[in-house]
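Have a look at the structure below, then the notes.
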Amino acid sequence: MKHYARRLKVQDNVNTDYVISGRYKFKIQDPKELAKHIFEDIDPDFAARVMKGDILVAGENFGCGSSREQAPQAIRSAGFYAVAAKSFARIFYRNAFNLGLILVECDTDFIDDGDELELDIEKGKLKDRAKGLVFDTKPIPSVMKRLLRDGGVVEHFKKYGGFKFD
Amino acid sequence: MGKTISEKILSNHAARELRAGDVAICNVDFCFGQDGTSSIIIDSFRKLGVKQVFDRSKFRMIIDHSAPSPNIGVSEIHKKMRTFARTFDVGLYDIGCGVCHQLVPQKGHVTCGDLVLGADSHTCTYGAINVFSTGVGSTDLAITLASGKNWFRVPETIKVIVKGKLPKGVYSKDVVLNIIKDIGANGATYKAVEFYGEAITAMSVDARLTISNMAVEMGAKAGLMEADEKVLKWVKGRSSKVPHPVSADVDAKYVAVRTYDVSKLAPQVAKPHAVDNVSDVTGLAGVKIDQAYVGTCTNGRLEDLEAAAKILKGRSVHPEVKFIIAPASREIYLEAARKGLVETFVKSGCTVVAPGCGPCVGTHNGALADGEVAISTANRNFKGRMGNPNSFIYLASPVTVAASAIAGRITDPREHKARL
């Protein structure tokens, strides 16, 4: 499947206030409406550039700050297939997998905005077709893989009546 | 090999021996949501299809982030929370009760050795009273609300030792800003931090809560302290739960040990737009400000209000500065009124708003205009945090904020020596 990179201008420490500002998340409950405002405070035109199936590309500590689940929810509702970053903040990391949003950790320095990407989660590879580069992604922890396979934590919980990781 | 506080508390709640890196399902002693996160908690809880909450005494909803409601959208969220609370017969702290991170420990919902989840990133605050507490998203909270459990990865721990005696005009807020400057916004991601040292021991419990509150600003999962006599007295005075104090073993394994000597520390200020972008106040003196704010889960407690009032007493806020005060809880507000602090604030020209988060999250009570500069006792200064991406936020102690509000520019509080 073809994906295109949507790279954020601000590289590191992109917090969840930047993903979706508090002034929207407190009054808008519809994820599709929220998605229109993603990254507005740091890149006002960003939401308009996103196409369905894109991969969001960021730097270190992506998703730090507030615990707001509206952040991964809005990223998914905007049409993103996955997020590739050098590292993620922990609450965001849990929230994303709970909702079934794929996160991969790898070197993202060489990926430019608009590059065509190919993600193979099983093999742990992110290919930048525009540059002919292949990046190894850090193995996704088995708990997270399980949640993804079951379609998120709600579906996992309903399927087993609790957690089942073994 | 000995264990850290995190390894012990999580082991106690999983009924098996755990080490850093292990993943386990643990029983949770208390959980809660606030008005920015509860709407999705309710939606996710309903999707789980369970008939009732796991234990109605171990859950609360708290309306603090936008309270009273500034618009119809927020009013609908508040109504949804009140309806859920009635339907499932669970407790709710409504507008005016205070900030979640003040209410949860103050109302006695948690005690030493507990494992606590909150749908708010600053849930790490109660680490100061020896609670392993951490922030999660709404759906994670809904899972716990339904089952009383969640899964945890046991974190590695960084040991922080704070040595020395704090100089006049320097407070726990300055200490934690200085630590964040050193460790960085990403320096403790996925890890727990344990705080030790004579500077911590000398602090009141309220001052310690300020430090644990900001552990998440280094990425930490928890910011833990041991339970000394002060902590035990504090929790026993507020909670009927039996405390189970947990200390780390002397041979516990730490991924890093960092030592700070605060005996010569100057008041610290975090500059826009990152919490780890910290300088001594001396380098920033003179920056013109439009708004000042004392309050929040970081610094809205009684001793914070007392320290600010001491600087303000008998003086006026600069005519070009809006100074907003939000007590962290109704009880603190009342006590501040009894002690005459509210009168001092009002006479000085401050605006005292309802107990709660105040303007910290930018939804009400003082959103900034384009180009405006604020100095605040909050824990975050991200671009747009106080409602406007074209404004600038500095973070400091209540005393630095009060001194700056009088001068109309960032001011070293040590200029007011007699009032410190």
Next item on the list: Name the one entry in B:Val216, B:Val136 that is buried (at least 24 other Cβ atoms within 10 Å of the Cβ), within 10 Å of another protein chain (Cβ to nearest Cβ), under 22 Å from the mean Cα position of the chain (by Cα) and free of Cβ contacts under 8 Å to residues at least 40 places away in the same chain.
Entry: B:Val136
Checklist line | Qualifying residues in region A:1-24 (those that are in a loop (DSSP other than H, G, I, E, B) and more than 14 Å from chain B (Cβ to nearest Cβ)) - the one modelled with the highest pLDDT | finding: A:Lys2
Check: Within region A:25-49, restricting attention to residues that are at the interface with chain B (Cβ under 7 Å from one of its Cβ atoms) and out of contact with any Leu (no Cβ under 9 Å at 6 or more places or on another chain), which residue is surrounded by the fewest Cβ atoms within 10 Å (Cβ to Cβ)?
Finding: A:Gln29
Next item on the list: Please determine, by comparing only the residues of region A:114-166 that are within 11 Å of chain B (Cβ to nearest Cβ) and in contact with a Gly (Cβ under 7 Å, 6 or more places away or on another chain), which one is farthest from B:Arg153 (Cα to Cα).
Entry: A:Lys158
Next item on the list: Please go through region B:319-357 and pick out each residue that is of a type outside the set (A, V, I, L, M) and surrounded by fewer than 20 Cβ atoms within 10 Å (Cβ to Cβ).
Entry: B:Pro319, B:Glu320, B:Arg330, B:Glu331, B:Glu335, B:Arg338, B:Lys339, B:Gly340, B:Glu343, B:Lys347, B:Gly349, B:Thr351
Item checked: strands (runs of 3 or more DSSP E) lying entirely in region B:178-284 (those with 3 or more residues that are farther than 16 Å from B:Ala396 by Cα) -> B:192-196, B:222-224, B:256-261
Next item on the list: Report, by residue number, each residue of region A:25-55 that is touching a residue at least 40 places away in the same chain (Cβ under 8 Å) and part of a helix (DSSP H, G or I).
Entry: A:Lys25, A:Pro31, A:Lys32, A:Leu34, A:Ala35, A:Phe46, A:Arg49
Next item on the list: Look through B:Leu141, B:Leu166 and report the one residue that is assigned to a helix (DSSP H, G or I) and assigned by TED's automatic domain parsing to the domain that holds B:Phe195.
Entry: B:Leu141
Item checked: Among the candidates A:Ala71, A:Ala84, A:Ala78, residue that is touching a residue at least 24 places away in the same chain (Cβ under 8 Å), small (Gly, Ala, Ser) and within 14 Å of another protein chain (Cβ to nearest Cβ) -> A:Ala71
Next item on the list: List every residue pair whose Cβ atoms sit under 7 Å apart, with the two residues 6 or more apart in sequence or on different chains, where the first one lies in region B:32-47 and is in the same structural domain as B:Ile77 (by TED's automatic domain parsing) and the second, anywhere, is surrounded by fewer than 24 Cβ atoms within 10 Å (Cβ to Cβ) and at pLDDT below 95.
Entry: B:Ser39/A:Gln29
Next item on the list: Provide a single number: the residues in region B:285-308 that are in a loop (DSSP other than H, G, I, E, B) and at negative phi.
Entry: 6
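Scanning for something closer than 27 Å to A:Ala74 by Cβ and either under 24 Å from the mean Cα position of the chain (by Cα) or of a type outside the set (D, E, K, R) (or both), does region B:1-11 turn up at least one residue? Spell out how you get there, then give the answer.
Taking region B:1-11 first, the residues closer than 27 Å to A:Ala74 by Cβ are none.
Within region B:1-11, not a single residue is closer than 27 Å to A:Ala74 by Cβ and either under 24 Å from the mean Cα position of the chain (by Cα) or of a type outside the set (D, E, K, R) (or both).
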Next item on the list: Residue by residue through region B:257-270, note down the ones that are of a type in the set (Gly, Ala, Ser), under 21 Å from B:Thr201 (Cα atoms) and surrounded by 14 or more Cβ atoms within 10 Å (Cβ to Cβ).
Entry: B:Ala266
Margin query: Need the failing condition index for A:Ala130 against (1) touching an Asp or Glu at 6+ places or on another chain (Cβ under 9 Å); (2) of a type in the set (A, V, I, L, M); (3) buried (at least 17 other Cβ atoms within 10 Å of the Cβ), just the number.
Written below: (3)
Next item on the list: Within region B:154-164, identify whether any single residue is in contact with a His (Cβ under 9 Å, 6 or more places away or on another chain) and either over 18 Å from B:Gly36 (Cβ atoms) or not aromatic (Phe, Trp, Tyr) (or both), and answer yes or no.
Entry: no
Next item on the list: For B:Lys233, work out the one condition from (1) over 20 Å from the mean Cα position of the chain (by Cα); (2) in contact (Cβ under 8 Å) with a residue 40 or more places away in the chain; (3) farther than 25 Å from B:Gly135 by Cβ it doesn't fulfil.
Entry: (2)
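Matching residues to (1) within 13 Å of another protein chain (Cβ to nearest Cβ); (2) surrounded by fewer than 16 Cβ atoms within 10 Å (Cβ to Cβ); (3) of a type in the set (Phe, Trp, Tyr); (4) in contact with an Asp or Glu (Cβ under 8 Å, 6 or more places away or on another chain):
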{"residue": "B:Ile5", "(1), (2), (3), (4)": "no, no, no, yes"}
{"residue": "B:Ala20", "(1), (2), (3), (4)": "no, no, no, yes"}
{"residue": "B:Gly33", "(1), (2), (3), (4)": "yes, no, no, yes"}
{"residue": "B:Phe45", "(1), (2), (3), (4)": "yes, no, yes, no"}
{"residue": "B:Arg60", "(1), (2), (3), (4)": "no, no, no, no"}
{"residue": "B:Val90", "(1), (2), (3), (4)": "no, no, no, no"}
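The values are calculated or read from the model by the stated rules, or taken from the named source; none is laboratory data. Predicted, not measured: the structure shown is a model, and the values here were computed from it. Every residue, glycine among them, receives a Cβ derived from its backbone with ideal geometry; neighbour counts consider all protein chains shown.
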